[in-house]
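J.: Here it is: the structure, laid out below.
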Amino acid sequence: MDVFNVTDRDGNKVVDASTIAYIQKTLEADDWYYPETRNTVGIVPSEEYTSIELTGTDRPGLLSEVCAVLVVMGCAVQSAELWTHNTRVAAVVHVTDAESGGAIEDAGCIADISARLGNLLRGQSDVRAGGGAGTPAQHKERRLHQMMFDDRGGHADAAAGADAAGPARTEVSVTACAERGYTAVVVRCRDRPKLLFDTVCTITDMEYVVHHGTVSAEPAGGAYQEYYIRHVGGHAVRCEAERRRLVRCLEAAIERRTAEGLELEVRTGDRAGLLSDITRIFRENGLTIRRAEISSAGGEAVDTFYLSDPQGHPVEAKTIEAIRAQIGEATLRVKNNPFAAGDGAASKDAGVAGAGAGAGTTAFIFGNLFKFYRPFQSFSLVKLYS
């Protein structure tokens, strides 16, 4: 039995009948969950878009160049998500044919798109394109975790993250629990949305099974996670190298979603080539995209970007104004600028976006885990204390 004590994101008790009914219906419907197979991440055939996956070495302006290629190839971006961490980049992009509005199913066209993007990424990448009828729908964030994972040595960005300069934001300890045949994993870090999702996805990708666990929100915005795990083969962590690998992978999975940089939201009417134009403006103003969330629905585009300069320095106010002027009629909102705490205007915008963010951190740790993924089938006990 799995027990979760939750609030909404503002820290209030969940009393809305439709929300409660939705949660119950979702958890009881097996069709919502992915199959057991590790590399299968979808259950619903997609006839609406073609999914393009890109992994490789990051560099300034890369997303802008990718978007420009897609425009030339007659692709319209419907949604996308991009993660970067320690020179690595992974992206899942959902595109349609700009003329027909449907998925790109022609094998020759898909092969051409893959080849051009592969050339753009200079051979240090993996490009996959697919879609159309019979192709499983994919949850982008679940897929991004898998794309950042390297079976040969854990997460491809994990080793670099372990040696990064600066204070540790995530503490992971892995200790033996020999009398029970488990390995105990304890994670302490800053609480945020989808933290539990990121942690459990990584444990699953490393082929461990969680048998017991405790998750709690702590004072001052912290989060505590404790898991008792075994490998799918039935054994606990067996050596020091395996223990270090587990620590590195969990640290990387937690930290790469924590994008440090200026958070900008662009909300405007959608049109062909919009994303290419926006990312080009960022590149021309010397900004690097650390993370991006792209969506389009009902003729409106809502795009969120996490930006910094290539060295991670603060984004100056004049740069923000230059971007606003170049984007034109689009509504550009500064949602967060952690580098400019002393800038009154930037702090004010960030404060509006973050109102209430300090409350209800209990709910943050769960994010949208249950809607898309069910790794808890083997949990014997999970409790949340608040």
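J.: Using +1 on the beta carbon of Lys and Arg, -1 on that of Asp and Glu, and nothing else charged, what's the dipole of the stretch 168-207 about the Cα centre, debye to 20?
T.: My answer is approximately 240 debye.
J.: Give me the percent of accessible area attributable to carbon and sulfur for the stretch 56-115, probe 1.4 angstrom.
T.: Of all accessible area on the stretch 56-115, carbon and sulfur atoms account for 55 percent.
J.: For a 25 Å ceiling on Cα separation, which of these pairs sit above it: Lys194/Lys318; Lys13/Lys194; Lys194/Lys335; Lys140/Lys194?
T.: Numbers: Lys194/Lys318 33 Å; Lys13/Lys194 19 Å; Lys194/Lys335 19 Å; Lys140/Lys194 13 Å.
Cα-Cα > 25 Å for Lys194/Lys318; rest within.
The values are calculated or read from the model by the stated rules, or taken from the named source; none is laboratory data. These figures come from a predicted structure and were not determined experimentally. Every residue, glycine as well, gets a Cβ built from its backbone with ideal geometry; the counts of neighbours run over all protein chains shown. These accessible areas exclude ligands, DNA and RNA; they are computed on the full protein's heavy atoms, side chains included. Shrake-Rupley method; radii C 1.70, N 1.55, O 1.52, S 1.80 Å.
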